[in-house]
Each structure stands twice: as structure tokens, then as C-alpha cells.
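Presented below is the structure to which this report refers.
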Amino acid sequence: MLLAAGFVPTLLSLRALKSRALRRGVWLRLDPAARALLDASILYLRRGGRIRSQTLVESLRAVAERVLVLTTPIRVLAKAIGTAIARARGVEVDEEKAVALGLQWMNTPKRYKLKLVEP
């Protein structure tokens, strides 16, 4: 979602990710398994290891995306969602309308979102 396909879990990127989560106060909102995975990977890389498992890379990518979602400001997410919805419907919107559309979509319960997608 937020990460590019070329995510490489290096010591520097994982430490920066953990630091960002701690600074923004979302570290404890992550599930314990994700925190343990991130800490264990940092410790393994610090001791000179290399991450070669694609499954581990995918798991770390999922943790990184979760941290980025939790730390990204709501306005940025709402603008991205609103712009995507407007583009899908063929409507041109400015920044304020895109934020409003994104907030409306984010606040809509899941059971009603299916009705929004259908024509």
C-alpha cells in the first residue's frame, strides 16, 4: 500500500522504522508479534546476519506498512483515498474536496462500503 515493491529490510531502515514508531507513540499499538519480529530482526542484522528469506521480508514489509499507516497523518491518507475515489468515478476534485471525500469514505462502516463501490 504505502511501501514501494522494492522494500529491503536493512539495519538502517528497520531501526528508523522502530524509532519512528516510538517517537509517534504507536509502538505499543502494534501487536506483540510484530514488535518481537522487528526487534529480533534488528538484533540479527546488528550481529552481522543477512535476511534472505522472502517470507521474512514479506512479514517485515507488512509490519513496516502497519507502522507507516499508524504514523501517517489522517489528512494525507484521506487526500489519497479521496483522490483515488474521484479518479475511479471520473470526477475532478481539488485538495479540499478530496480530503472531504476521503474522510467520508473512511468514516463509512464496512457494510455500506460495498454499496459505494457498485455502480
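When the chain is described by a simple charge dipole with +1 on each Lys and Arg Cβ and -1 on each Asp and Glu Cβ, the residue from Ala40, Thr108, Leu17 located farthest towards its positive end is Ala40. For mean projected area of the Cα convex hull in nm², the value computed from the atomic coordinates appears in the list (i) 18.8; (ii) 9.2; (iii) 12.0 under label (ii). The fraction of accessible area contributed by carbon and sulfur in the chain is 58 percent, rounded to a whole number (1.4 Å probe; ligands and nucleic acids excluded).
For the chain, the solvent-accessible area works out to 71 Å² per residue, with a probe of 1.4 Å and every protein chain left in place. Rounded to the nearest whole Hz, the Karplus-based 3J(HN,Hα) values (6.51 cos²θ - 1.76 cosθ + 1.60, θ = phi - 60°) of region 50-60 follow the sequence 10, 8, 10, 6, 5, 5, 5, 4, 5, 5, 5, with x at glycine and proline. Working from Cα pairs under 8 Å separated by at least six residues, relative contact order for the chain is 24 percent. What separates the Cα centres of region 61-115 and region 19-49 is a distance of 27 Å. Only Lys, Arg, Asp and Glu carry charge here, each on its Cβ (+1 for the first two, -1 for the last two); on that basis the chain has a dipole of about 460 debye about its Cα centre. Each residue of region 93-99 was assigned a 3J(HN,Hα) from its phi angle through the Karplus curve 6.51 cos²θ - 1.76 cosθ + 1.60 (θ = phi - 60°); the sequence is 10, 8, 5, 5, 5, 5, 5 Hz, with glycine and proline shown as x. Once the mean of 1/r is taken over each pair of separate Cα atoms and inverted, region 11-71 shows a Kirkwood hydrodynamic radius of 11.6 Å.
For region 37-49, 3J(HN,Hα) computed residue by residue from phi via the Karplus equation (6.51, -1.76, 1.60; θ = phi - 60°) reads 4, 5, 5, 5, 5, 4, 5, 5, 5, 5, 8, x, x Hz, glycine and proline entered as x. Ignoring aspartates and glutamates fewer than eight residues from Lys18 along the same chain, the ones with Cα atoms less than 20 angstrom from its Cα are Asp31, Asp39, Glu58, Glu65.
Across the options Ala88, Ala98, Pro73, the greatest Cα extent toward the positive end of the charge dipole of the chain (unit charges at beta carbon of Lys, Arg, Asp, Glu) belongs to Pro73.
The values are calculated or read from the model by the stated rules, or taken from the named source; none is laboratory data. Treat the numbers as computed from the prediction; the structure is a model and nothing was measured. Backbone-built Cβ (ideal geometry, glycine too); neighbour counts: all protein chains shown. Side chains included, ligands, DNA and RNA excluded: accessible areas come from the protein's heavy atoms. Shrake-Rupley method; radii C 1.70, N 1.55, O 1.52, S 1.80 Å.
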